Amino acid sequence: IIVFTGNFVMALTSDQINRYSRHLLLPEVGVEGQEKICNAKVLLIGTGGLGSPLALYLAAAGVGTLGLIDFDVVDFSNLQRQVAHGESTVGKLKVDSAKERIADLNSSIDVRTYNLRLSSENVMDIFKDYDIIIDGTDNFPTRYLASDACVLLNKPYIYGCILRFEGQASVFDSRVGPCYRCLYPEPPPPGLVPSCAEGGVLGILPGIVGLIQANEAIKIILEQGETLIGRLLLFDALGMNFREMKLKKDKNCPICGENPTIKELIDYEEFCGILPVEESPEDDEMEIGVEQVKQMLDNKHAFRLVDVREPSEYDICNIGGAMLIPLGDIEAKDPSKLNGLKPDEEIVLHCKAGVRSMKAAKALQEMGFKNLKSMRGGINEWSEKIDSSVPLY
Ligand code: ZN
């Protein structure tokens, strides 16, 4: 089949006609639309929960060039939702694992992999080669970085975000609508919004939200339908409902408004308040190693071991004899929630990795508790160094 559109002569091979026949039957796609899809260059930031369905369905649809950015390797705990990977690729680079899977699905796709962490230094050079940028990451610095770079390069930025049972999606294009900063001028304080690794996520959820993003990408390529430009879609998997918020361009937006103050990329880690971790000597004094805690338990030393994680985490694994008091109950500073802990007792606090237990120790200190320690590395380090029958999560 040869279609003349203006000065171009485009042709689909007979293999392509066969493969994409269900698209060719749609008047909104047709041969011309499929050619647009085959010529499109789409970049995916992340090949995890959102990136997996994005990569698979965009490759199946025939998006000719797919860029994949990820610095991580496939972990067993990814397989609950990151369907581009499999048991056979655990331990491999995610970009390589996804590329392998795409090659099996549609070998005609030109997959370009970037095994790196996106930064102000490399973003412009990578983004410039693509028509559409799709965000499948789960952190604020990368979101602001990607959105700002898309504003500066005049490219559409397809946003998606997931946590627990809820998701969001939108399309930002500052040429015709708002940008991510128009919606969220300031990042939340660090630690306020938990990541999926901390808060959990229903495995199905990134599949749904990622495919909403993929759907938007295809519509942008085809110039068909109504995209999410100027709309924020909110999805609740438990209530099973979609809501929509109208978004307006902010005249005072520092990057896409009338008098922009941001004209080049900034330090996004700093902007989001993420500073290099510096431990104060005081923190050091308050910490105790897992080996020492093990010894205290073995010697039947009289002390209280307090687990400050959430009940759902306690159910996954716990250290025998530990008493559960979630951090929130400790930070409420209400003695009735402390399960009878006394200010003069010797107390060792632990959590998953050692951050929450340090917060708990400081909160208890403010309540007048004196003999406090926070177990360094949390139950994860306990699992690695003391008792491997305690599962890592
Ligand atoms: Zn803006």
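Quick notes on this structure:
- Any chance G136 is within 12 Å of the ligand (Cβ to nearest atom) and among the small types (G, A, S): no
- Residue within the range 114-132 that is in contact with an Asp or Glu (Cβ under 7 Å, 6 or more places away or on another chain) and not in a loop (DSSP other than H, G, I, E, B) present: no
Residues are listed down the side, and each one gets a yes or a no for (1) over 30 Å from S195 (Cα atoms); (2) part of a loop (DSSP other than H, G, I, E, B); (3) among the hydrophobic types (A, V, I, L, M, F, W, C):
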position	(1), (2), (3)
E28	yes, yes, no
K36	yes, no, no
L54	no, no, yes
L68	no, no, yes
R81	no, yes, no
D96	no, no, no
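- Residue within the range 155-168 that is in contact (Cβ under 8 Å) with a residue 24 or more places away in the chain and more than 17 Å from the chain's Cα centre (by Cα) present: yes
- Look at the range 222-244: where a residue is more than 14 Å from I208 (Cα to Cα) and of a type in the set (G, A, S) and a partner is part of a loop (DSSP other than H, G, I, E, B) and at pLDDT 95 or above, sitting 6+ places away or on another chain with Cβ atoms under 7 Å, you get G230/G177; G230/P178; G230/L247.
- Of everything listed in (1) surrounded by fewer than 20 Cβ atoms within 10 Å (Cβ to Cβ); (2) more than 12 Å from I102 (Cα to Cα); (3) in contact (Cβ under 8 Å) with a residue 60 or more places away in the chain, the single unmet condition for Y57 is (2).
- Selected residue (only one of G203, G199, G191, G210 is surrounded by fewer than 21 Cβ atoms within 10 Å (Cβ to Cβ), modelled with pLDDT of 95 or more and small (G, A, S)): G203
- For the range 142-187, residues that are in contact with a Phe, Trp or Tyr (Cβ under 7 Å, 6 or more places away or on another chain) and modelled with pLDDT under 95 total 1.
- Residue within the range 328-349 that is within 19 Å of S388 (Cβ to Cβ) and at pLDDT 90 or above present: no
A quick yes/no check of all residues on (1) more than 16 Å from the ligand (Cβ to nearest atom); (2) small (G, A, S); (3) in contact with a strand residue (DSSP E or B) (Cβ under 8 Å, 6 or more places away or on another chain):
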site: I158; (1), (2), (3): no, no, yes
site: D173; (1), (2), (3): no, no, yes
site: P185; (1), (2), (3): no, no, no
site: G200; (1), (2), (3): yes, yes, yes
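- Residues in the range 233-258 that are within 16 Å of the ligand (Cβ to nearest atom) and exposed (fewer than 10 other Cβ atoms within 10 Å of the Cβ): 2 in all.
- From the list V74, V31, V83, V42, the lone residue that is buried (at least 18 other Cβ atoms within 10 Å of the Cβ) and without any contact (Cβ under 8 Å) to a residue 24 or more places away in the chain is V74.
- Residue tally, condition of a type in the set (A, V, I, L, M, F, W, C), more than 10 Å from the ligand (Cβ to nearest atom) and surrounded by 10 or more Cβ atoms within 10 Å (Cβ to Cβ), over the range 259-278: 5
- Check on D250, under 26 Å from G49 (Cα atoms), charged (D, E, K, R) and either over 18 Å from the mean Cα position of the chain (by Cα) or modelled with pLDDT of 95 or more (or both): no
- Selection within the range 372-393: residues that are at pLDDT below 95 and among the polar types (S, T, N, Q). The member of this set that is nearest to G328 (Cα to Cα) is N380.
The values are calculated or read from the model by the stated rules, or taken from the named source; none is laboratory data. Everything numeric here is computed off the predicted structure, so don't read it as measured data. For neighbour counting, all protein chains shown are included, and Cβ atoms are generated from backbone atoms with ideal geometry for every residue, glycine included.
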